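Written below as structure tokens is the structure these notes are about.
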Amino acid sequence: MKLIVGNFKMNLSYYEIEKYIDFFKEKDYSNVFFAPSSIYLQKFVDAGLYAVAQDVSAYEVGAYTGDVAAFQLKNLGVNYSIVGHSERRKYYHDDELVNKKIIRLLEQEMKPILCIGENKEERDNKKYLEVIEKEIKDAFNNIQKEYLKDIIIAYEPIWSIGTGVIPTNEEIEEVIGYIKKYVKEKYEFDIKVLYGGSVNNKCIETLEKIENVDGYLVGGCSLKYEEFENLINNIH
Ligand code: PEP
């Protein structure tokens with residue numbers, strides 16, 4: 001079954017979250033995960049839903065105002081965290097922190113969902129495979145092979161996030177195939193790769209024809225619970 005992760009980003013009020021949880025809590029979607037703002041994670045866990053952090057601190061513990069540590073997430077019952085989302089790379093210089101963040105998560109036996117992907121210029125200049133390879137290499141740096149197995153990759157071309165512009169199936173298949181082959185050859189394990197970028201109910205039928213995708217990271221379309229449930233039911 002494909003993994004589906006809804007990334008709410010910095011959206012939804014407390015009351016909207018309560019309604020959202022009410023809608024999903026009695027449903028039995030074992031492959032659906034929710035990534036709300038960290039202040040709401042506990043509510044998802046308490047409702048028996050799978051909660052994913054949108055980010056984690058690069059540091060273990062201590063004087064890092066505003067950060068949330070991996071051990072604190074783990075204490076809440078959160079077992080997954082997104083790392084290196086392009087918005088964090090863009091606004092918070094996360095490129096340099098991704099490797100440390102992954103290490104913090106693995107220390108807690110949590111699963112990182114590592115986001116990678118090229119921007120428009122890199123795509124147009126046919127540099128996208130290089131970019132992807134570098135992002136994986138940097139993220140996996142100095143981590144023993146046995147621990148890497150817990151990492152999931154989300155391939156998210158930056159030019160597709162929130163834009164409604166979706167790569168062709170061939171373009172997605174090429175990159176996902178490349179990631180899987182690269183990880184298998186260099187790190188010797190089979191990695192799961194999600195696709196993310198403007199996934200919605202209009203394009204899902206086409207995306208579902210891609211053979212090598214293991215799931216989806218969904219932004220905008222996860223914000224309205226009914227739309228998100230439609231999407232879930234369109235994924236096999
Ligand atoms: C995302 O932010 O991870 C994402 C894929 O967003 P959207 O689905 O809105 O493009």
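For this structure, a couple of remarks:
- Our coupling estimate for region 116-132, obtained by passing each phi through the Karplus curve with A = 6.51, B = -1.76, C = 1.60 and θ = phi - 60°, is 9, x, 8, 8, 4, 5, 5, 5, 4, 8, 6, 9, 5, 5, 4, 4, 5 Hz, Gly and Pro reported as x.
- The stretch between D150 and C203, if pulled fully straight at 0.36 nm per residue, gains 16.2 nm over its current Cα-Cα span.
- Inter-probe distance in nm under a simple model that places probes 7 Å from Cα toward Cβ, at K186 and Y15: 4.9 nm
- In the chain, Rg over Rh equals 0.94, where Rg is the alpha-carbon radius of gyration and Rh the Kirkwood radius from pairwise Cα distances.
- Relative packing of 92-102, 188-198, which averages over residues the other C-beta atoms within 10 Å, highest first: 188-198, 92-102
- Packing-based ranking, highest mean first, of 119-132, 145-158, 76-89, 166-179 given that Cβ atoms within 10 Å are counted: 76-89, 145-158, 166-179, 119-132
- Nonlocal amide H pairs with S37, under 5 Å, H built at 1.01 Å: N11
- ³J(HN,Hα), Karplus 6.51/-1.76/1.60, whole Hz, each residue of region 202-211, x for Gly, Pro: 7, 9, 5, 4, 5, 4, 5, 7, 5, 7
- Less than 5 angstrom separates the built amide H of V218 from those of V5, G6, N7, all sequence-distant by 5 or more or on a different chain.
- Options S57, S30, M1, ranked by Cα towards positive dipole end of the chain, top entry (Cβ charges): S57
- Exceeding the 18 Å Cα-Cα cut-off - candidates K202/K224; K127/K192; K2/K192; K120/K224; K100/K126: K127/K192; K120/K224; K100/K126
- Amide H contacts under 5 Å for S81, placed H, 5+ residues apart: A53, K111, I113
- Per-residue 3J(HN,Hα) values for region 78-87, derived from phi via the Karplus relation 6.51 cos²θ - 1.76 cosθ + 1.60 with θ = phi - 60°, read 9, 10, 10, 9, 5, 9, x, 4, 4, 5 Hz in sequence order (x marks Gly and Pro).
- Three-way shape call for region 7-136 based on the alpha-carbon gyration tensor, with the a/c threshold at 1.5: prolate
- Treating r as the C-beta distance of N212 and E60 and R0 as 25 Å, the FRET efficiency rounds to 0.10.
- With the helix formula -39500 (n - 2.57) applied to DSSP H stretches of n ≥ 4, the chain reaches a computed 222 nm mean residue ellipticity of -11500 deg cm²/dmol.
- Taking Cβ atoms as reference points and 10 Å as the exclusive limit, the residues near G215 contribute a net charge of +1, counting Lys and Arg as +1 and Asp and Glu as -1.
- Most to least packed among 14-20, 214-220 [average Cβ atoms within 10 Å]: 214-220, 14-20
Any read-out appearing in this document is the output of simple, stated calculations on the displayed coordinates, not a laboratory observation. Note that the coordinates shown come from a computational prediction; the quantities given were computed from them, not determined experimentally. Counting neighbours? That spans all protein chains shown, and the Cβs are built from the backbone with ideal geometry, glycine included.
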